[in-house]
Amino acid sequence: MKSFASDNYAGVLPEVMEALQLANNEHARSYGADDVTARTRKLFCDVFGADVDVYFVFNGTGANVLSISSATQSYNSILCADISHIYNDESAAPETFTGCRFFPLASNENGKLTPEVIQQRLIRKGDIHYAQTKLLSLTQSTEYGTVYTPDEIKALTALAHTNDLFVHVDGSRFFNATASLGCGLKDVVTDTGVDILSLGGTKAGMMFGEAVVVFNPELKKHIAYKHKQSMQLASKTRFIAAQFEAMLQGEAWRKHALHANAMAQYLSASLAAFPQVRVTKPVQANAVFTELPREWNKPLQDAYPFYIWKDATNESRLMCSFDTTKEDIDGFIAMMKQL
């Protein structure tokens, strides 16, 4: 089965599978004290061009919980997009584990937050009756598959820092976003002033695992304890680290992300042949949002699973992965022609 439901449906990259096998050859120290993890942490510093701390975690929700908890107290609040994953799709885990209040801000038509919308919520500083705002969370790429430019992120981080807020980036598809921008990883976070990043690996082709990358020295003080407390410290850390080492070496991530992005462009162009189909968002990373005739849903989903994003307008989300091929898309389009 091939699907357009999620890049989580895809398998594992060959170079990642090889890295897992190599990490499995011998015994190694546990809890991140092994040589593979040490090498990979240095590699993170090299590719991000900074003295970053890296914490490997099991999943994206864990990465977000660890990132947010390292920057907040339970009396704080977090600003995020109204369509963000941390607000809609993590079963209240961030609120439960951090004790913070989440304020969803209206995203624009492309799923992004703007300085104007954020500024309106920067209120009641010092008021003990109000959850004190301490963190701004951005999603890159956004839930609509659009991408913040480095200049846009710089503007948002400048506003946040001026108001004593940390900036977190939920980067479950960060590799796709960076490939779309045609720049380096450091250009999107290190050089824009981001304080902490949840870096996705699973959607990019790893078997499991994500990373929390800490740029701000202030957030490095207690995060190691939070790592253990949040139940995200793997005893066999090397198996997550080895996968990231394979992704980062020679920018393997870029090759696969560019392919997934190119498949999204091909899918979008193929959909243009249907007058009854409308692509609703700019296609910038590896997602295509489109409105299909409602009666097409079941037969298409039976053959090529995908999610309905907005039931009211029958807007669907079609995700491309590192292993999506033109033949997969051609088969989907052929079925649409029959319908």
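A few notes on this one:
- With the charge dipole of the chain set up from +1 on Lys and Arg Cβ and -1 on Asp and Glu Cβ about the Cα centre, the Cα lying farthest toward the positive end among the listed residues Q229, A50, T142 is that of Q229.
- Sorted on the mean count of surrounding Cβ atoms within 10 Å across their residues, most packed first, peptides 271-283, 155-167 read 155-167, 271-283.
- Where Cα atoms sit under 20 Å apart: lysine pairs in segment 252-338 separated by 8 or more or lying on different chains: 5
- Span from the segment 200-237 Cα centroid across to the segment 118-169 one, whole angstrom: 22 Å
- Contact order normalised by residue count of the chain, Cα under 8 Å, 6+ apart, percent: 25 percent
- Segment 252-338 - Rg (one decimal) and Dmax (whole number), Cα, Å: 12.5, 40
- Protection proxy ranking for 90-101, 142-153, 324-335, 59-70, using the average of other Cβ atoms within 10 Å per residue and placing the highest first: 59-70, 142-153, 90-101, 324-335.
- Expected 222 nm ellipticity per residue - DSSP helices of 4 or more, -39500 (n - 2.57), all of the chain, to 500: -11500 deg cm²/dmol
- The string of couplings for segment 187-195 from the Karplus curve (6.51, -1.76, 1.60, θ = phi - 60°) is 5, 8, 10, 4, 7, 9, x, 5, 8 Hz, one whole number per residue in order, with x for Gly and Pro.
- Rg to Rh, two decimals, where segment 120-233 supplies the alpha carbon set and Rh follows Kirkwood: 0.99
- Restricting the calculation to Cα atoms, segment 14-251 shows an Rg/Rh of 0.96 when the hydrodynamic-style radius is the Kirkwood one.
A short reminder: the numbers here are calculations on the coordinates, not readings from a lab. Since the structure is predicted, the reported quantities are computational estimates derived from the model, not experimental observations. All Cβ positions, even for glycine, are placed from backbone atoms using ideal geometry, and neighbour counts span all protein chains on display.
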